[in-house]
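One structure is given below, encoded as structure tokens.
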Amino acid sequence: MEEVLLLGLKDREGYTSFWNDCISSGLRGCILIELSLRGRIELEKAGMRRRSLANRKVILKNDAPTGDVLLDEALKHVKEMDPPETVQSWIEYLSGETWNPLKLRYQLRNVRERLAKNLVEKGVLTTEKQNFILFDMTTHPLTDGTAKQRLIKKVQDAMLGKWVNDPHRMDKRLLSLIFLAHSSDVIENAFAPLNDDDYEIAMKRVRELLELDMDTESNKHNTNELMWAVFSAFNK
């Protein structure tokens, strides 16, 4: 979650692009995947008719707190939801992007600000007030450039020097970072420093991942179905 935000933040200004309307839902996708990887939520069984990822509901697996405030807030919402909902619906509810007023209570508020504060506590960002003509805004400029450079190198390496040409051989959190950085429209920030040839190779490999059949991939050995369901939701 924090890594997607860090990729999206402008280093000196300390805020994400005003034109980026994708990162909000992307961060909610990160939250669902992290809850799944921590064994708290899962997809219901596919059943005899092998329902698609898009049609399967998110169900509670373990309601034990994770110790992360954002994750636990989302976990509480999943626990309260009756009947269960799909991954696509949960991304919309957690983002507040729903026309159903009864579902607005499931919105996770101030996610970017809360994640930024976590990065401030880790010494990666700092907090400032910036004055715009019509309003004041809290910003979080970068203070630890090496942390962001490590993140950028990790993303670049995954698509270039350490490319394994098989998503199931990639670490699940790293694979999720690639998919959701793309869905959040921030992956370009990791590839921008590359020379033209490496940039083309990296983007070609990202496109190869996006072109996978998510339902087929989710059926392979030792995978995480909910993770692929989130990828599928953003890849409609």
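The values are calculated or read from the model by the stated rules, or taken from the named source; none is laboratory data. Treat the numbers as computed from the prediction; the structure is a model and nothing was measured. As a convention, Cβ positions derive from the backbone with ideal geometry for all residues, glycine included, and neighbour counts pool all protein chains shown. The area values use the complete protein model at the heavy-atom level, side chains included, leaving out ligands, DNA and RNA. Shrake-Rupley method; radii C 1.70, N 1.55, O 1.52, S 1.80 Å.
Kindly check whether there is at least one residue in the stretch 127-138 that is in a helix (DSSP H, G or I) and either closer than 19 Å to residue 13 by Cβ or without any contact (Cβ under 8 Å) to a residue 12 or more places away in the chain (or both). No, the stretch 127-138 contains no residue that is in a helix (DSSP H, G or I) and either closer than 19 Å to residue 13 by Cβ or without any contact (Cβ under 8 Å) to a residue 12 or more places away in the chain (or both). For the stretch 63-93, the set of residues classified as under 30 Å from residue 116 (Cβ atoms), open to solvent by 60 Å² or more (accessible area, probe 1.4 Å) and in a loop (DSSP other than H, G, I, E, B) consists of 63, 65, 67, listed by residue number.
One residue is enough: does the stretch 25-32 have a residue meeting the conditions of a type in the set (S, T, N, Q), in contact with a Gly (Cβ under 9 Å, 6 or more places away or on another chain), outside any loop (DSSP other than H, G, I, E, B) and open to solvent by 10 Å² or more (accessible area, probe 1.4 Å)? So far as the stretch 25-32 goes, no, none of its residues is of a type in the set (S, T, N, Q), in contact with a Gly (Cβ under 9 Å, 6 or more places away or on another chain), outside any loop (DSSP other than H, G, I, E, B) and open to solvent by 10 Å² or more (accessible area, probe 1.4 Å). A single member of 160, 102 is open to solvent by less than 50 Å² (accessible area, probe 1.4 Å), out of contact with any Pro (no Cβ under 7 Å at 6 or more places or on another chain) and more than 21 Å from residue 31 (Cα to Cα), and it is 160. Residues of the stretch 121-150 that are exposed (fewer than 14 other Cβ atoms within 10 Å of the Cβ) and modelled with pLDDT of 90 or more: 121, 122, 123, 146, 149, 150. The residue pairs whose first member lies in the stretch 36-65 and is on the phi > 0 side of the Ramachandran plot, whose second member is assigned to a loop (DSSP other than H, G, I, E, B), and whose beta carbons are closer than 8 Å, counting only pairs six or more residues apart or on different chains, are 39/61; 39/62. Scanning the stretch 1-24 for residues that are in contact with a Cys (Cβ under 7 Å, 6 or more places away or on another chain) and open to solvent by 40 Å² or more (accessible area, probe 1.4 Å) returns a single hit, 1. Tell me yes or no: at least one residue of the stretch 47-57 is touching a Leu at 6+ places or on another chain (Cβ under 6 Å) and in a helix (DSSP H, G or I). Scanning the stretch 47-57 turns up no residue that is touching a Leu at 6+ places or on another chain (Cβ under 6 Å) and in a helix (DSSP H, G or I). Does residue 113 meet the test of being at pLDDT 90 or above, surrounded by fewer than 18 Cβ atoms within 10 Å (Cβ to Cβ), within 29 Å of residue 13 (Cβ to Cβ) and under 16 Å from the mean Cα position of the chain (by Cα)? Considered against the rule, which asks whether it is at pLDDT 90 or above, surrounded by fewer than 18 Cβ atoms within 10 Å (Cβ to Cβ), within 29 Å of residue 13 (Cβ to Cβ) and under 16 Å from the mean Cα position of the chain (by Cα), residue 113 comes out as yes. Within the stretch 44-54, the presence of a residue that is open to solvent by less than 40 Å² (accessible area, probe 1.4 Å), small (Gly, Ala, Ser) and under 17 Å from the mean Cα position of the chain (by Cα) is excluded. Among helices (runs of 4 or more DSSP H) lying entirely in the stretch 171-236, which contain 2 or more residues that are over 26 Å from residue 43 (Cβ atoms)? It comes to 187-191, 196-210.
Let's see how each residue does on (1) under 18 Å from residue 32 (Cβ atoms); (2) of a type in the set (Asp, Glu):
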site: 137; (1), (2): no, no
site: 168; (1), (2): no, no
site: 173; (1), (2): yes, no
site: 179; (1), (2): yes, no
site: 187; (1), (2): no, no
site: 191; (1), (2): no, no
site: 210; (1), (2): no, no
site: 215; (1), (2): yes, yes
